[in-house]
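In what follows, a single structure is set out as structure tokens and then discussed.
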Amino acid sequence: MKIAIPSLKSEDKPIFIASGFILVILSVGTVYTLSTQGTAPLLSPGYLLQQLQTGSFLGIVAAGMMVVILLGHIDLSVAWTMTAAAMMATTVGGDLAIPVGIAIGVGVGLVNGFGVAYLRVPSMIFTLGVDSVLRGLMVAHTGGFAPQDSATPLMRALASSKLMGIPSAIFVWLAVSLVIAIMLKRTAFGRQIYLTGNREMAAYLSGVRTRRVILASFVVSGVCAAMAGVMLAGYSARAFQGMGNAFLLPAIAAVVIGGTRILGGQGRYAGTLVGVILIVLLNSVLSIMQMPEAGRQVIYGSVIICMLLVYGRGNKVQS
């Protein structure tokens, strides 16, 4: 009698592969630290919580990036959206700091969404241009110097305080994750994102207001980037020039590693979550091994290219 073994769904395979790589990274890092330092910090709960705390900023950015990538687009403005939100939040200060930072994300998302959905400019070009505009505005705002404004107590609490021994930033990341996961799986808007990402013209002909879906998705990405920027400023106690630059490639890599199809229409948020954890642990091990930043960027870029070859070769009808 043959026993039927259930096969993995195509969307589940990347998650299992990424989970396997996480175990490999933990094993390699543990062996390296044991051989060089005589200890295994990677297996310490305190160390892992610390890494997840710093990884929560990347996780929030990747959550918004995934929503846009599901449409077959990309948001290259997240780096300076983070920076602009953090700078303006610390400049305003007080009770309005966080609302102003989030408002920056909404504004950037509306501009990106309008340019891509209504002006029909390719998202890669338009969001890159918006990123450059934001960079120029922030340099003009600060005169090219490091801002002297500090983060508010609430910003610091969200990023650095602990609740039941767990960093509060992790709870914020979990809250964002729940919202994004429920939105994609349980709401009409989430289904419209997948439909639009698969075939925008077919979705439009079936009654989906695809332009509004694209506009709203870029707003989600902008808000997530702004939230991450505000929290990063709270963690660092202040905003600084280019603070979001280190998050662009890792955010894209985390989404793609998790199995989200770069051409849109396919992907699960659980995969993005696993992808972020993989990137965080990989970055931790590379830091322990004293890998220079240039080497890390080469690794991130190579990962994206490899995953594009694996997941991005399917057919997609362009509208």
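The values are calculated or read from the model by the stated rules, or taken from the named source; none is laboratory data. Owing to the predicted nature of the structure, the values given are computational and were not obtained by experimental measurement. We place every Cβ from the backbone using ideal geometry, glycine too, and count neighbours over all the protein chains shown. The area values use the complete protein model at the heavy-atom level, side chains included, leaving out ligands, DNA and RNA. Shrake-Rupley method; radii C 1.70, N 1.55, O 1.52, S 1.80 Å.
The set of residues in the range 109-144 being open to solvent by less than 10 Å² (accessible area, probe 1.4 Å) and hydrophobic (A, V, I, L, M, F, W, C) consists of 116, 117. Checking each residue in the range 172-198 for being hydroxyl-bearing (Ser, Thr, Tyr) and open to solvent by less than 20 Å² (accessible area, probe 1.4 Å) picks out 177, 196.
Of the numbered criteria (1) open to solvent by 50 Å² or more (accessible area, probe 1.4 Å); (2) touching a residue at least 12 places away in the same chain (Cβ under 8 Å); (3) farther than 18 Å from residue 251 by Cβ; (4) assigned to a helix (DSSP H, G or I), the one residue 235 fails is (3). Scanning the range 78-102 for residues that are crowded, with 18+ Cβ neighbours inside 10 Å and free of Cβ contacts under 8 Å to residues at least 60 places away in the same chain turns up 88, 100. Of all residues in the range 6-31, those satisfying the criterion of being of a type in the set (S, T, N, Q) and modelled with pLDDT under 80 are 7, 10. So which residues in the range 206-220 are open to solvent by 10 Å² or more (accessible area, probe 1.4 Å) and under 22 Å from residue 115 (Cβ atoms)? Selection gives 208, 209, 211, 212, 215, 216, 219, 220.
Got a number for residues in the range 84-103 being closer than 22 Å to residue 116 by Cα and among the β-branched types (Val, Ile, Thr)? Total satisfying the criteria: 1.
Looking at the range 164-185, can you tell me whether even one residue there is closer than 16 Å to residue 264 by Cβ and not β-branched (Val, Ile, Thr)? Within the range 164-185 (the criterion being closer than 16 Å to residue 264 by Cβ and not β-branched (Val, Ile, Thr)), the answer is yes, since at least one residue qualifies.
Restricting attention to the range 145-165, and to residues there that are surrounded by fewer than 16 Cβ atoms within 10 Å (Cβ to Cβ) and in contact with a Phe, Trp or Tyr (Cβ under 9 Å, 6 or more places away or on another chain), which single residue is farthest from residue 101 (Cα to Cα)? Per the criteria, the residue is 163. For the range 204-228, taking the residues that are touching a residue at least 60 places away in the same chain (Cβ under 8 Å) and of a type in the set (Gly, Ala, Ser), the one that is nearest to residue 53 (Cα to Cα) is identified as 228.
All of 255, 223 fail the test of being open to solvent by less than 10 Å² (accessible area, probe 1.4 Å), among the aliphatic types (A, V, I, L, M) and either modelled with pLDDT of 90 or more or within 19 Å of the chain's Cα centre (by Cα) (or both), apart from 255.
I'd like to check something: does the range 299-308 contain any residue that is within 23 Å of residue 214 (Cα to Cα), open to solvent by less than 60 Å² (accessible area, probe 1.4 Å), at pLDDT below 85 and over 12 Å from the mean Cα position of the chain (by Cα)? Looking through the range 299-308, none of the residues is within 23 Å of residue 214 (Cα to Cα), open to solvent by less than 60 Å² (accessible area, probe 1.4 Å), at pLDDT below 85 and over 12 Å from the mean Cα position of the chain (by Cα).
Okay, residues lined up against (1) open to solvent by 30 Å² or more (accessible area, probe 1.4 Å); (2) more than 15 Å from the chain's Cα centre (by Cα); (3) not hydrophobic (A, V, I, L, M, F, W, C):
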{"position": "246", "(1), (2), (3)": "yes, no, no"}
{"position": "251", "(1), (2), (3)": "no, no, no"}
{"position": "268", "(1), (2), (3)": "yes, no, yes"}
{"position": "271", "(1), (2), (3)": "no, no, yes"}
{"position": "286", "(1), (2), (3)": "no, yes, no"}
{"position": "290", "(1), (2), (3)": "yes, yes, yes"}
{"position": "295", "(1), (2), (3)": "no, yes, yes"}
